[in-house]
1. Taking a ≥ b ≥ c as the square roots of the eigenvalues of the Cα gyration tensor of segment B:111-155, is the shape rounded (a/c under 1.5), prolate (a/b larger than b/c) or oblate?
2. Given an 8 Å cut-off on Cα distances and at least 6 residues of separation, report the relative contact order of chain B as a percent.
3. Quick one: if the Förster radius is 22 Å, what FRET efficiency do residue A:420 and residue A:246 give, using the C-beta to C-beta distance and rounding to 0.05?
4. Pulled fully out, how much extra length does the chain show between residue B:302 and residue B:6, if you take 0.36 nm times their separation in residues and subtract their Cα-Cα distance?
5. With 10 angstrom as the radius, rank B:64, B:232 by how many other C-beta atoms surround their C-beta, starting from the fewest.
6. Give me the percent relative contact order of segment B:123-234, please, defined on Cα pairs under 8 angstrom at least 6 residues apart.
7. For chain B, modelled as a Gaussian network with Cα springs under 10 Å, which listed residue fluctuates most, B:259, B:175, B:244?
8. Pick from B:275, B:241, B:76 the residue whose mean-square fluctuation is largest in a GNM of chain B, springs joining Cα atoms under 10 Å.
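FYI, it's all coordinate maths here, none of it is from the lab. Because the structure is a prediction, the values reported are computed rather than measured. Positions of Cβ are backbone-derived with ideal geometry, glycine not excepted, and every protein chain shown enters the neighbour counts.
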């Protein structure tokens with residue numbers, strides 16, 4: 001590597017927060033036009049590192065060099081002036097503002113409104129990312145919203161583009177468009193720092209990779225020449241035990257949903273349209289789909305948060321559409337919602353209290369209305385032990401746990417109640433590889449014991465790994481479920497778009 | 001008394017001005033994502049500090065300045081508590097109202113019964129001399145025009161200027177605005193101080209022009225009406241103007257009807273401005289596109305999260 005070829009050099013960057021060292025003596029190099037991956041588990045220090053490069057965090061020690069010049073941005077504005085742009089994991093967009101306004105906010109000296117609108121059109125078309133400048137961002141799909149972020153960066157002709165988990169919300173087709181854009185940028189000489197959990201993506205896209213663990217660089221590799229498994233094992237420093245699903249012989253039908261239609265709730269809600277499906281004992285039904293296509297609404301109907309006509313949802317032959325979550329739990333129909341903080345768990349309350357809230361009835365933790373403290377504690381400890389939740393103890397506040405650990409607890413809390421049917425929404429969202437494997441294995445084991453499972457997820461690899469049958473939800477409609485065995489990524493892509501691969505093939 | 005448009009409209013405009021001023025200030029504050037329930041307290045503080053300044057200097061202009069300063073200082077207390085010390089906005093705002101009411105009563109003890117210097121009407125060449133329209137629209141004091149200029153300025157600022165766009169962005173999603181490098185706390189503090197100054201101006205208009213004298217608790221809920229108008233106007237300046245003038249108009253109309261001895265119970269007449277304003281605005285916000293509240297309204301922001 002020659003020095004003229006080098007764009008960004010990071011040397012010995014260290015950043016400590018009270019109680020944690022986020023980055024410890026991190027050094028690596030990025031060449032001009034290189035697509036460089038930054039790999040690591042949750043909490044490995046990737047986010048802190050890119051925030052340092054983007055001027056949001058100031059390092060305690062260490063230096064950065066950009067194009068031969070010392071580089072120490074005081075704030076994001078200085079970073080942008082130096083040619084560093086960033087696309088955030090949780091989009092830094094403003095729903096109520098228009099595309100053009102959102103883009104203007106991310107620029108140092110935005111041109112006049114009309115000029116800006118024209119440049120947005122030019123740039124977005126040149127990179128195959130069409131965008132209408134006047135539309136309200138709140139009305140856009142996840143893929144379109146990401147385009148806004150990317151176009152905002154491109155308008156400033158960045159020399160380094162940082163992308164934090166860009167594909168977690170995209171369909172396979174959208175990912176392909178994104179990769180085409182990134183390759184075009186890289187060919188034009190823009191370096192890209194790419195952060196992702198998805199090792200297959202990194203293998204197809206990236207030229208080099210740096211692997212972080214506990215804030216330290218533990219290795220680097222050329223992703224094209226390294227297997228996904230080897231990279232994952234470098235990340236966690238352990239042999240990964242991948243779950244294996246053996247197809248089950250379907251048992252008796254446990255849950256049936258018949259002609260479920262539901263008008264949209266609120267401004268950004270999705271209407272459910274004529275949804276019908278069944279799940280059998282011992283079976284895992286995977287429901288894919290891009291976020292915001294009706295998953296949350298469907299989940300609420302199944303868990304009992306939204307009530308319907310009695311016959312719309314039947315559980316073991318009995319109509320349960322009118323029953324609320326508590327009555328359904330008593331019958332053995334359990335659910336674990338998506339948002340860990342706020343929906344699935346109360347962050348300020350202890351793990352024991354959080355366990356009590358869903359397990360009170362089935363585990364008999366509140367006989368006669370009085371809380372059995374010892375029983376609650378024992379149950380929480382049982383979940384913690386069985387699911388390897390890393391925490392000081394059941395009295396720790398749920399909000400103090402890392403995302404992966406809390407997710408293990410939230411799923412474990414339901415699995416340990418011996419459900420007849422378990423519905424999980426995004427079981428491993430934002431969870432690192434080891435914890436995700438643990439959760440998936442637990443779900444598979446539960447199905448093997450004869451429970452029916454419905455797994456709603458945006459992660460297609462996950463669905464392929466654990467499901468017996470897969471369906472997808474698109475704009476509130478459900479595609480006909482199909483056996484997972486023999487489904488390809490292309491078929492799945494079609495299903496996410498609301499089309500039936502068999503019919504497409506026949507047409 | 002004669003109930004005619006020529007008589008009513010000038011009274012209406014004067015009656016609406018305090019609410020319009022305070023409402024515009026609160027609109028900017030809420031657009032930046034801060035909910036300040038202390039409008040009533042800032043208004044009454046502005047009413048007494050403005051009154052004191054005007055009486056002791058003999059200048060109405062300095063009086064209005066004093067009112068704005070009084071409101072701004074009280075707002076700054078709110079700003080330091082909520083933005084610096086992360087106190088709860090709702091509780092702090094309510095405390096600010098109680099504090100303002102008490103503080104103004106204390107300050108105003110020796111000012112009860114005094115008469116402030118007269119605020120002259122502004123004579124606009126040509127316009128004021130127009131028949132019918134002249135006496136109706138163009139024979140007001142400077143503050144009435146200032147409130148309308150402020151309305152246009154706030155509208156243009158929010159809609160067309162870059163600082164206005166940044167302010168809206170901060171109110172919409174403070175985490176994203178921070179990630180883009182904008183100083184959320186500083187922008188909010190500036191908005192809060194502006195809101196306080198506008199509420200103080202509105203209060204001073206009450207004690208210097210509308211009444212004009214100092215009485216304890218003289219705002220009588222005007223600050224709360226301004227607060228409600230902002231919500232019902234869906235955080236848009238023009239509906240705010242309509243709401244403020246409607247409220248002022250019906251206040252004036254019902255007073256005239258009471259004076260004229262119309263055969264309607266006085267209680268009903270007295271409550272009519274509140275009832276009608278709220279009804280009309282509820283209908284308006286129900287019909288209008290559901291322009292929601294600023295996304296981060298009332299939520300505390302700390303850069304480390």
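1. Oblate is the answer for segment B:111-155, as a/c is 1.5 or above yet b/c matches or exceeds a/b.
2. Result for chain B is 37 percent.
3. E between residue A:420 and residue A:246, to the nearest 0.05, is 0.60.
4. Length gained between residue B:302 and residue B:6: 101.2 nm.
5. Result, fewest neighbours first: B:232, B:64.
6. 11
7. Checking each option, the largest mean-square fluctuation is seen for B:259.
8. B:275
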